[in-house]
Amino acid sequence: MTAPFIADAETLAKAQPSRPRPTLRVLTCGSVDDGKSTLVGRLLYERQLIFDDQLAALRSDSLRHGTLGEEIDFALLVDGLEAEREQGITIDVAYRYFSTPARSFILADAPGHEQYTRNMATGASNAELAILLVDARKGLLTQTRRHATIASLLGVRHIVLAVNKMDLVDYDEAVFERIVGEFESVAASLAFRSVEAIPISARDGDNVVADSANMPWRDGPSLLTYLENADVETDGGDAPLRLPVQWVNRRSDAFRGFAGAIASGRLQVGDEIVAAASGRKTTIARIVAMGGDLFSAAAPDSVMVTFADEIDASRGDVLCHPTNRPNVADQFAAHLIWMSDESLLPGRSYLMKINGRSLAASVTDIKHKLDVDTGAKSAAKTLSLNEIGFCNVATAAPVAFDSYDENRTTGAFILIDRFSNATAAAGIIAFPLRRATNIHLQEQSVSKATRARLKHQTPAVLWFTGLSGAGKSTIANLVESKLVERHAHTLMLDGDNVRHGLNKDLGFTEADRVENIRRVGEVAKLMVDAGLIVLCAFISPFRAERRMVRTLVGEQEFIEIFIDAPLDVCKERDPKGLYKRALAGEIKNFTGVDQPYEAPEFPELKVSSAERSAEAIADQIIAYLEANGMLGV
Amino acid sequence: MPLTPHLRRLEAEAVFILREAVAEFRRPVMLYSIGKDSSVMLHLALKAFYPAKPPFPLLHVDTTWKFREMIAFRDQTAARVEMELIVHTNEDGRKRGVSPFTCSSSAYTQAMKTEALRQALNEGGFDAAFGGARRDEEKSRAKERIFSHRTASHGWDPKTQRPELWRIFNTRLGAGETMRIFPLSNWTETDVWDYIAAENIPVVPLYLAKERPVVRRNGAYIMVDDERFPLAPDEVVESRRVRFRTLGCYPLTGAIESEADTLEAIIAEMRQASTSERQGRLIDFDESASMERKKREGYF
Ligand SMILES: Nc1nc2c(ncn2[C@@H]2O[C@H](COP(=O)(O)OP(=O)(O)OP(=O)(O)O)[C@@H](O)[C@H]2O)c(=O)[nH]1
Ligand SMILES: [Mg+2]
């Protein structure tokens with residue numbers, strides 16, 4: 001075989017290990033019915049790894065459910081669910097464990113059916129080597145390519161291309177070579193480090209554990225021999241330290257232990273370490289263990305450490321050495337494998353789980369979607385079940401992470417649907433989009449509540465959103481006047497005014513709009529801390545950004561007021577003549593013209609400026625604030 | 001004895017899982033069934049939270065038909081580890097006299113195990129329960145997630161399991177739903193014994209061979225553990241050197257003849273074994289899919 005293959009099975013076989021090789025985590029994948037489960041069953045059977053009682057059960061199950069008449073149907077050894085036996089397919093991953101004198105294996109047998117792709121991904125996420133099965137009669141199918149793509153994305157770097165059912169093509173070498181050639185072009189765009197192709201018959205056992213007499217042309221190890229010798233070790237020993245804090249042990253006031261599994265690297269007592277998000281430094285005082293303290297530990301150990309200084313670290317923080325830190329950012333680019341029946345909605349708030357931390361996150365942009373058949377990238381507005389996209393993701397707060405290429409633990413996340421609690425996506429981080437600064441907070445002795453009490457009011461942000469020309473500024477101005485009449489302490493932040501000062505460096509691209517809103521949100525938060533009622537009038541067209549501010553300021557203190565007016569009405573009003581210019585193409589990215597406006601789904605208040613006067617609306621807002629006890633407290 | 005890299009990795013993973021659950025759930029509980037797997041799981045919990053005590057109670061679902069030695073061992077263990085032990089029996093079942101001798105094994109399991117477990121979990125308001133089940137035990141367990149989601153009625157739906165990527169567990173629960181968590185998912189029987197030997201973990205002496213009073217019934221040796229055992233006219237109690245590979249309710253647990261009376265000897269014997277450990281469990285043989293059916297109803 002030619003590049004990009006590193007089919008170095010022979011070298012591998014010669015390099016006899018001095019100590020037993022580490023456990024190998026293997027996945028079988030490929031299209032439906034290509035023989036994955038049969039292969040796993042056969043492998044166990046051939047190695048006499050099936051107990052007598054299990055074999056007896058297999059015989060009777062084969063008669064009842066099997067597809068092969070009197071013969072043993074080895075797939076039934078792993079297809080353990082009733083529904084699987086009835087339908088003759090695999091639905092969910094089965095895990096089997098076995099050892100040979102050479103090494104131990106964890107075998108995950110994935111389902112081939114497209115409907116259950118997420119279960120295949122479940123198996124692939126922890127696998128080091130994948131056996132990709134192909135039916136010799138059918139060759140590569142879309143699902144074969146999908147599985148290859150997902151395996152590659154999820155960091156499986158070693159592939160065995162098992163061309164199966166050779167018995168049905170007369171053990172023809174030409175058929176085998178054709179499929180191998182075809183796969184070469186698929187693999188060219190994927191990230192595999194080694195690919196070994198083996199012609200097999202899972203049903204009859206050819207080339208499974210012993211060389212096949214039916215295929216004398218084949219010169220190379222059997223599948224099991226190959227697996228026993230496969231070297232999948234990454235040069236992980238020198239990887240930088242990553243220790244995500246999982247749980248803080250506060251046994252007593254005196255003891256604070258930080259527990260977690262070392263994702264990569266090593267640490268020892270006396271090491272200077274940093275909590276990535278806060279940038280706070282300390283040294284490792286102890287590595288506490290039940291049998292007696294340890295001096296050092298390395299991945300994948302689970303440890304409990306104590307610090308020399310009281311630094312604040314909590315679940316989701318990542319500990320590292322000061323010289324090599326993870327990224328800390330609230331925006332990054334990532335591949336998403338979509339797993340929910342409900343399609344991805346950019347801007348919608350999902351729950352992200354990353355390094356133990358759960359926080360709000362949304363997809364701000366889908367850069368492209370991947371066609372698993374051709375490898376082509378195309379534009380997309382959404383991702384539906386089993387689709388793969390490359391996206392920009394924004395989180396409610398900065399998080400620590402690495403790129404998945406560098407670290408399969410700290411570069412991974414999942415998205416959870418807030419309503420159904422379903423796991424909506426697997427996320428594979430590529431790179432950060434913006435670096436957050438490492439500034440830690442100052443303790444303050446005068447609190448927000450104290451400042452607010454002096455002013456006899458409940459501080460809040462009144463966030464006016466709506467199309468240009470909907471009347472946000474007019475109404476906000478009226479509300480502010482009415483508040484001041486009531487001796488309330490207020491501040492107005494208006495889109496146009498902010499852009500003359502604080503944000504004069506920003507334009508109107510999507511990224512700049514996000515940043516514009518983020519800064520306004522931060523300022524509003526400070527003013528709320530000062531005890532003020534802050535009125536913000538911004539088009540703020542994206543739900544994700546408004547949610548970001550809501551999260552930043554706090555749910556209790558954020559009042560979203562949707563000034564609703566039909567686009568036609570706004571165009572007609574066109575107080576600043578902007579629609580006319582946008583329609584003429586003079587202004588780009590204008591909301592309502594060439595950029596969408598995402599109306600709030602659950603605003604605290606929704607008012608129609610086309611139907612009522614600004615004065616009446618302002619009164620309605622004041623009434624709302626009074627009804628909620630926010631004035632004159 | 002230092003742990004092999006293989007065991008060290010399994011230990012680290014189990015400790016990670018235990019801590020994950022404690023960090024994420026409001027009120028976890030550990031199902032403590034007294035057997036070797038429970039002994040390992042408990043030992044791992046002591047390690048995971050040291051120097052604190054594991055921040056959850058132990059729960060034993062007592063069918064009233066456990067071996068007497070198991071009950072004694074249970075109480076000693078709870079005292080040794082200084083953890084709260086909740087013992088729960090389905091009182092309604094006890095009143096109705098549900099026993100393995102009078103009911104079919106599936107009716108018995110349903111009442112005294114599955115239903116009892118549901119009662120105990122509901123009464124304790126537990127949102128997560130650790131179990132010592134391993135995937136290598138049985139073909140439907142081989143399919144189960146480490147964090148296994150259960151409906152409000154404790155049912156398992158194997159066809160719609162949540163994907164479980166990497167070691168990032170989706171721990172979100174809807175109203176009334178719970179999670180079953182299996183820290184030993186990736187352990188084999190051999191791993192469990194190797195670990196017990198390496199870490200010197202106490203286990204019930206029933207695992208070691210000894211002269212015991214047994215009766216031959218349905219091709220298995222059943223131990224006559226107390227006077228409740230109804231002997232058939234043609235049955236004779238004989239004394240044999242036997243031990244158990246798994247422990248459950250004594251009338252339903254088959255012994256094997258063995259000379260292995262040390263840990264080393266049983267490990268050696270196990271490596272030669274030609275039958276699976278579940279063979280001694282009479283309750284699994286009702287039908288090929290019986291374990292899956294029980295799990296769907298809320299069994300561990
Ligand atoms: N002739 C022949 N048939 C085979 C071979 N391997 C598998 N089969 C048959 O192909 C059918 C499907 O096999 P499975 O092992 O269930 O396929 P699978 O890939 O696990 O299918 P899913 O898990 O549902 O995707 C069964 O009827 C097998 O007996 C082989 O090498 N030769
Ligand atoms: Mg299958």
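Taken together, the values in this text are just the output of simple stated rules run on the coordinates, not laboratory data. Every value quoted in this text rests on a predicted model; they were computed, and no experiment measured them. Using ideal geometry, Cβ is built from the backbone for each residue, glycine included, and neighbour counts are taken over all protein chains shown.
Using the alpha-carbon centroid of each, what span in Å lies between the stretch A:557-633 and the stretch A:475-554?
Going from one Cα centre to the other spans 14 Å.
Which value in nm describes the separation of the simple spin-label points at A:Ala599 and A:Ser296, placed 7 Å from the Cα toward the beta carbon?
Output for this residue pair reads 6.4 nm.
Tell me, how many Å apart are the Cα centres for the stretch A:77-120 and for the stretch B:93-158?
Their Cα centres are 24 Å away from one another.
Rank A:Val553, A:Val78, A:Thr591 by how far each Cα sits towards the positive end of the charge dipole of chain A (+1 on Lys, Arg Cβ; -1 on Asp, Glu Cβ) and give me just the farthest.
Most positive-ward Cα: A:Val553.
Using the Kyte-Doolittle scale, find the helices of chain B whose mean hydropathy is at least -0.5 and whose Cα atoms extend 18 Å or more along the helix's long axis, counting only whole DSSP H runs. Each step should come with its number before you reach the end.
Details: long enough: B:5-24 (28 Å, 0.10); B:36-49 (20 Å, 0.56); B:68-81 (20 Å, -0.42).
Once both thresholds are applied, what remains is B:5-24, B:36-49, B:68-81.
For the stretch A:341-351, in order, what is each residue's ³J(HN,Hα) by Karplus, 6.51 cos²θ - 1.76 cosθ + 1.60 with θ = phi - 60°, in whole Hz (x at glycine and Pro)?
Coupling constants for the stretch A:341-351: 5, 8, 5, 5, 10, x, x, 6, 8, 10, 9 Hz.
Between B:Phe229 and B:Arg96, what is the spin-label point distance in nm, taking each point 7 Å from the Cα along the Cα→C-beta axis?
According to this spin-label approximation, the distance is 2.7 nm.
What length, rounded to one decimal in nm, is gained on full extension from A:Val569 through to A:Gln115, with 0.36 nm per residue of separation minus their alpha-carbon distance?
Result: 158.8 nm gained on full extension.
Is the shape of the stretch A:327-433 best called rounded, prolate or oblate, per the rule: a/c under 1.5 gives rounded, else a/b larger than b/c gives prolate, else oblate, with a ≥ b ≥ c the square roots of the Cα gyration tensor eigenvalues?
Here the stretch A:327-433 falls in the oblate category.
Report the local net charge at A:Ile262: Lys and Arg +1, Asp and Glu -1, summed over other residues whose C-beta lies under 11 Å from its C-beta.
Its environment carries a net charge of +1.
So if I take the alpha carbon set of the protein assembly as shown, get Rg, then get Rh from the Kirkwood formula, what is the Rg over Rh ratio?
Taking Rg over the Kirkwood Rh, I get 1.02.
Which residue, B:Pro205, B:Thr253, B:Gly132, has the largest displacement toward the positive end of the dipole of chain B when charges sit on each Cβ (Lys, Arg +1; Asp, Glu -1)?
Most positive-ward Cα: B:Gly132.
Between A:Ser185 and A:Ser384, what is 0.36 nm times their sequence separation minus the Cα-Cα distance? Round to one decimal in nm.
This chain segment gains 69.0 nm when fully extended.
Across the residues of A:255-261, average count of Cβ atoms on other protein chains within 10 Å?
4
Checking the table A:Lys353/B:Lys295; A:Lys281/A:Lys381; A:Lys353/A:Lys472; A:Lys381/B:Lys295 against a 31 Å threshold on Cα-Cα, which pairs fail? All intermediate terms of the calculation are to be shown ahead of the outcome.
Values: A:Lys353/B:Lys295 28 Å; A:Lys281/A:Lys381 43 Å; A:Lys353/A:Lys472 36 Å; A:Lys381/B:Lys295 41 Å.
Long pairs (Cα-Cα over 31 Å): A:Lys281/A:Lys381; A:Lys353/A:Lys472; A:Lys381/B:Lys295.
How large is the dipole of the stretch A:8-229 about the Cα centre if only Lys and Arg carry +1 and Asp and Glu carry -1, each at its Cβ, rounded to the nearest 20 debye? Please report the intermediate quantities before stating the final value.
On the way: 23 positive and 33 negative charges, 181 e Å.
Magnitude of the dipole: close to 860 debye.
If you take each beta carbon of peptide B:190-202 and count the beta carbons of other chains within 10 angstrom, what is the mean?
1
Specify which residue in the list A:Thr395, A:Gly411, A:Thr450 is farthest towards the positive end of the charge dipole of the stretch A:395-536, using unit charges on the beta carbon of Lys, Arg (+1) and Asp, Glu (-1), about the Cα centre.
Of the candidates, A:Thr450 comes out farthest on the positive side.
Under 19 Å between alpha carbons, and skipping anything fewer than 8 positions from A:Lys377 in its own chain: which lysines qualify?
A:Lys367, A:Lys369
Separation of the stretch A:457-472 and the stretch B:1-26 by C-alpha centroid, Å?
50 Å
What fraction of the DSSP beta bridges in chain B is antiparallel, stated in percent and rounded to the nearest 5?
That works out to approximately 60 percent antiparallel.
Taking a point 7 angstrom from the Cα of A:Glu272 along the C-beta vector, which residues in the stretch A:298-321 have backbone N less than 12 Å away?
A:321
Highest mean first, how do A:494-501, A:83-90 rank when packing is the count of other Cβ atoms within 10 Å averaged over residues?
Numbers: A:494-501: 13.9, A:83-90: 18.1.
Answer by packing, highest mean first, reads A:83-90, A:494-501.
Given the Cα-Cα distance of B:Ala175 and B:Leu3 and 0.36 nm per residue of separation, how much length would full extension add, in nm?
Length difference between fully extended and current span is 57.7 nm.
Divide by every residue of chain B the summed helix terms, -39500 (n - 2.57) for each DSSP H run of at least 4, and state the resulting mean residue ellipticity at 222 nm, rounded to the nearest 500 deg cm²/dmol.
-9500 deg cm²/dmol
Send over the per residue convex hull volume for chain B, Cα only, as a whole number of Å³. List each step's numbers first, then the result.
Numbers: hull volume 40.2 nm³, N = 300.
Here the figure is 134 Å³ per residue.
Rounded to the nearest 0.05, what FRET efficiency do A:Asp172 and A:Ala56 have when you use their Cβ-Cβ distance and R0 = 41 Å?
My answer for the efficiency is 0.65.
Taking the Cα of B:Glu238, stepping 7 Å toward and past its beta carbon, and measuring to each backbone N in the stretch B:211-232: which are under 13 Å?
What the label zone holds, given the 13 Å backbone N cut-off, is B:212-217, B:219-222.
Would you mind getting me the FRET efficiency between A:Ser343 and A:Asp238? Use the beta-carbon distance for r and R0 = 41 Å, nearest 0.05.
0.45
Using a 7 Å offset from Cα along Cα-Cβ at A:His487, what residues in the stretch A:611-631 end up with backbone N under 15 Å from the label point?
Correct set: A:631.
What shape does the stretch A:243-320 have by the C-alpha gyration tensor, where a ≥ b ≥ c are the square roots of the eigenvalues, rounded means a/c under 1.5, and otherwise prolate means a/b greater than b/c and oblate the rest?
Details: a/c = 1.32, a/b = 1.05, b/c = 1.26.
Rounded, because the longest to shortest axis ratio a/c is under 1.5.
Which FRET efficiency value, to the nearest 0.05, is calculated for B:Asn200 and B:Arg26 with the Förster distance at 35 angstrom and r the Cβ-Cβ distance?
0.55
Over all residues in B:155-163, what is the mean tally of Cβ atoms on other chains that come within 10 Å of each residue's Cβ?
6
For A:Ser104, list long-range residues whose amide hydrogen, built 1.01 Å from N in the peptide plane, is under 5 Å from its own amide hydrogen.
A:Thr23, A:Leu24
Report, in listed order, any pair from A:Lys525/A:Lys576; B:Lys47/B:Lys210; B:Lys113/B:Lys143; A:Lys455/A:Lys482 with a Cα-Cα distance greater than 25 Å.
Checking Cα-Cα distances, A:Lys525/A:Lys576; B:Lys47/B:Lys210 exceed 25 Å.
Return the sequence-ordered ³J(HN,Hα) values of the stretch A:211-222 in whole Hz as given by the Karplus equation 6.51 cos²θ - 1.76 cosθ + 1.60 applied to θ = phi - 60°, using x for Gly and Pro.
Result, rounded to whole Hz: 5, 8, 6, 6, 10, x, 5, 7, 10, x, x, 5.
Using a ≥ b ≥ c from the Cα gyration tensor of the stretch A:510-633 (square roots of the eigenvalues), is it rounded, prolate or oblate, where a/c under 1.5 gives rounded and otherwise the larger of a/b and b/c decides, a/b for prolate?
Oblate.
Using only the Cα atoms of the stretch A:229-360, each taken as one equal point scatterer with no solvent, compute I(q) by the Debye sum, divide by I(0), and report log10 of the ratio at q = 0.10, 0.19 Å⁻¹.
Values, matching the q order: -0.40, -1.08.
Which value in deg cm²/dmol, rounded to the nearest 500, describes the helix-derived mean residue ellipticity at 222 nm for chain A, given -39,500 (n - 2.57) per DSSP H run of n ≥ 4 and division by the residue count?
-7500 deg cm²/dmol
Tell me the angle of helix A:36-46 to the major Cα principal axis of chain A, expressed in degrees between 0 and 90 and rounded to the nearest ten.
Between helix and principal axis, roughly 40 degrees.
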